[in-house]
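These notes concern the structure reproduced below.
Derivation of every value follows stated rules applied to the coordinates shown; laboratory data play no part. Computed from a prediction, not measured in an experiment: that's the story for all the values here. Using ideal geometry, Cβ is built from the backbone for each residue, glycine included, and neighbour counts are taken over all protein chains shown.
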Number of protein chains: 2
Amino acid sequence: MIDKSKQVTTSLILANDRLLFNGHVDGNSKIAIDYIPPIGDNLGYTSLELMLLSLSSCVGTALLVLLRRQGKVIEEFSIKSDGTRRQTHPTAFEEIHLYVSVKAQGLTPSEFEKTLSLAESICPVWYMIKESTRIVIHHQIAN
Amino acid sequence: MIDKSKQVTTSLILANDRLLFNGHVDGNSKIAIDYIPPIGDNLGYTSLELMLLSLSSCVGTALLVLLRRQGKVIEEFSIKSDGTRRQTHPTAFEEIHLYVSVKAQGLTPSEFEKTLSLAESICPVWYMIKESTRIVIHHQIAN
């Protein structure tokens with residue numbers, strides 16, 4: 001049994017004669033991964049969509065842990081993300097925007113902003129891409 | 001309709017009162033995302049697993065496109081990946097290893113290695129994390 005706090009493992013297998021992969025980690029449903037036409041067939045998530053979900057879930061996890069430690073009860077929480085790609089190779093993200101919506105009684109904008117900067121500093125995915133990509137976080141708070 | 005060659009969008013919504021998220025992109029099955037106990041409940045992929053799948057599918061896609069352009073017929077193709085995490089915050093990957101297995105008639109190790117270095121140079125995800133993380137690619141070729 002792998003200790004995921006130390007090491008993480010995944011596997012990927014080509015599933016058709018084009019670019020469809022099945023991505024997998026033990027104990028989870030397979031993830032269909034593909035690329036967009038005409039190169040691929042749009043039959044699954046693209047690599048860059050998985051990157052955005054990786055980043056937003058990492059920021060989300062850090063935020064929730066920190067807000068709850070402050071005694072906040074989170075009633076609703078979501079993050080939409082979008083990334084703009086460079087138009088030359090490698091077509092990496094030039095800029096990523098995360099839109100965080102949170103509903104928690106008594107949460108103030110200044111409390112949220114303080115928590116957000118702490119969350120950024122502990123999120124591994126943020127740390128790994130912040131040198132190459134500008135990341136902007138927007139937020140909407142409901143009480 | 002979004003042109004994914006320019007812009008990519010995802011969404012994430014908290015799905016229980018702990019750290020389970022549903023990640024989603026239109027047209028695809030939802031991805032369950034969670035963290036490991038005791039903080040989370042291990043009910044889905046972790047953010048860092050999604051990061052590894054993002055990287056390995058990106059490298060895999062670039063490799064397949066380039067190998068096929070050289071006239072190779074890919075009979076089997078898979079990538080296993082593992083990442084070792086730092087033991088202090090942020091617990092990002094210190095090092096990632098990708099293990100590529102490919103079966104293609106007539107493919108030689110030197111052809112593969114040349115193709116691999118071209119694939120690295122066009123893979124967006126590689127580009128985004130290469131400054132922060134050492135990435136090592138191993139390969140096994142069958143004819």
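Averaged across A:120-127, how many Cβ atoms of other chains sit within 10 Å of each residue's Cβ atom?
On the way: counts 1, 2, 3, 5, 13, 9, 3, 9.
Counting Cβ atoms of other protein chains within 10 Å of each residue's Cβ and averaging gives 6.
What would the Debye formula give as log10 I(q)/I(0) at q = 0.11, 0.15, 0.18, 0.24 Å⁻¹ for the alpha-carbon point model of segment B:47-142, no solvent?
-0.32, -0.57, -0.79, -1.27
Partner chain Cβ atoms within 10 Å, averaged over the residues of B:35-48 - can you pull that number for me?
Numbers: counts 8, 5, 1, 0, 4, 3, 0, 3, 2, 5, 13, 11, 15, 10.
Per residue, the number of nearby Cβ atoms from other chains is 6 on average.
Taking B:Ser117 in one copy and the same position in all the others, each labelled 7 Å out along Cα→Cβ, what are the pairwise distances from the first, in nm, shortest first?
Those label-point separations list as 4.4 nm.
Along the charge dipole of the protein assembly as shown, pointing to its positive end and built from +1/-1 on Cβ of Lys, Arg, Asp and Glu, which listed residue (A:Gly106, A:Ile79, B:Pro109) has its Cα farthest out?
About the Cα centre, the residue reaching furthest to the positive side is B:Pro109.
Taking the Cα atoms of segment B:36-81 alone, what are Rg (to one decimal) and Dmax (as a whole number) in Å?
Here Rg and the maximum Cα pair distance are 15.5, 50 Å.
Restricting to segment A:47-142, compute how many DSSP beta bridges are antiparallel as a %, nearest 5. Mind dumping the intermediate values first?
Working: 11 of 20 bridges.
If we restrict to bridges inside segment A:47-142, about 55 percent are antiparallel.
Which of B:Tyr35, B:Tyr127 comes first, and how do the rest follow, when ranked by fewest Cβ neighbours within 10 Å?
Values: B:Tyr35 26, B:Tyr127 21.
Ordered by Cβ neighbours within 10 Å, fewest first: B:Tyr127, B:Tyr35.
Taking 2.2 N^0.38 Å as the expected size of a compact globular protein, what ratio does the Cα radius of gyration of segment B:74-126 give against it, to two decimals?
The reported ratio for this selection is 1.46.
Averaged across the residues of A:85-97, what count of C-beta atoms belonging to other chains lies within 10 Å of each residue's C-beta? Walk me through the intermediate numbers first.
On the way: counts 7, 3, 2, 0, 6, 12, 6, 8, 6, 0, 0, 2, 1.
Average per residue, whole number: 4.
If one computes the Cα centroid of segment A:4-23 and of segment B:108-143, what distance in Å separates the two points?
16
I'm checking a number: the convex hull volume of the Cα atoms of the protein assembly as shown, normalised per residue, in Å³. What is it? Show your work: numbers first, answer last.
Values: hull volume 34.5 nm³, N = 286.
Measuring per residue, one finds 121 Å³ for the Cα hull of the protein assembly as shown.
With equal scatterers on the alpha carbons only and no solvent term, can you work out the Debye log10 of I(q)/I(0) for segment A:1-110 at 0.10, 0.14, 0.16, 0.21 1/Å?
Summing over Cα pairs of segment A:1-110 leads to -0.44, -0.80, -0.96, -1.20.
About its Cα centre, what dipole magnitude does the protein assembly as shown give when the only charges are +1 on Lys and Arg Cβ and -1 on Asp and Glu Cβ, stated in debye to the nearest 20? Provide the component values of the computation, followed by the final result.
Values: 28 positive and 30 negative charges, 41 e Å.
In total the dipole reaches around 200 debye.
Determine by what factor the alpha-carbon radius of gyration of segment B:1-45 differs from 2.2 N^0.38 Å, reporting the quotient. Show your work: numbers first, answer last.
Working: Rg = 12.9 Å, N = 45, 2.2 N^0.38 = 9.3 Å.
Ratio of Rg to 2.2 N^0.38 Å for segment B:1-45: 1.38.
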